[in-house]
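The values are calculated or read from the model by the stated rules, or taken from the named source; none is laboratory data. On a predicted model such as this, the values are computed, not experimentally measured, just so you know. Every residue, glycine among them, receives a Cβ derived from its backbone with ideal geometry; neighbour counts consider all protein chains shown. Areas reflect the complete protein model, heavy atoms only, side chains present, ligands, DNA and RNA absent. Shrake-Rupley method; radii C 1.70, N 1.55, O 1.52, S 1.80 Å.
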Amino acid sequence: PGSTSIDVLWLRNKLEKIQGIKIESDKPNYFDKELRRHVRVFQKNHNIFSNGVVGTNTLIKLEMIMPQSSQTIPQLTVMPARTRN
């Protein structure tokens, strides 16, 4: 949360397609509270620890549900050991 990048736009687009909704934002490449809420809903619906952090398990599930054809999967940021995903 709080990040601004093309990876956030990738995530927003992926969740919109999977969930069949539009996640409103004035800054679509900014990881805002609304996007975090949708990440948590996705995680909960797919039995992933629901913390709003897009870690390995969340990325794998996103890609399993809707494989990417031309874009690359975002790079992971290593989280501290106490953070679960």
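Side notes on the structure shown:
- Selected residue (only one of 6, 23, 18 is surrounded by fewer than 18 Cβ atoms within 10 Å (Cβ to Cβ) and in contact with an Asp or Glu (Cβ under 6 Å, 6 or more places away or on another chain)): 23
- Residues in the stretch 26-37 that are among the acidic types (Asp, Glu) and open to solvent by 60 Å² or more (accessible area, probe 1.4 Å): 26, 34.
- Residue in the stretch 57-71 that is of a type in the set (Val, Ile, Thr) and modelled with pLDDT under 95 present: yes
- Of all residues making up the stretch 38-68, the number that are assigned to a helix (DSSP H, G or I), hydrophobic (A, V, I, L, M, F, W, C) and either open to solvent by less than 50 Å² (accessible area, probe 1.4 Å) or farther than 18 Å from residue 21 by Cα (or both): 6
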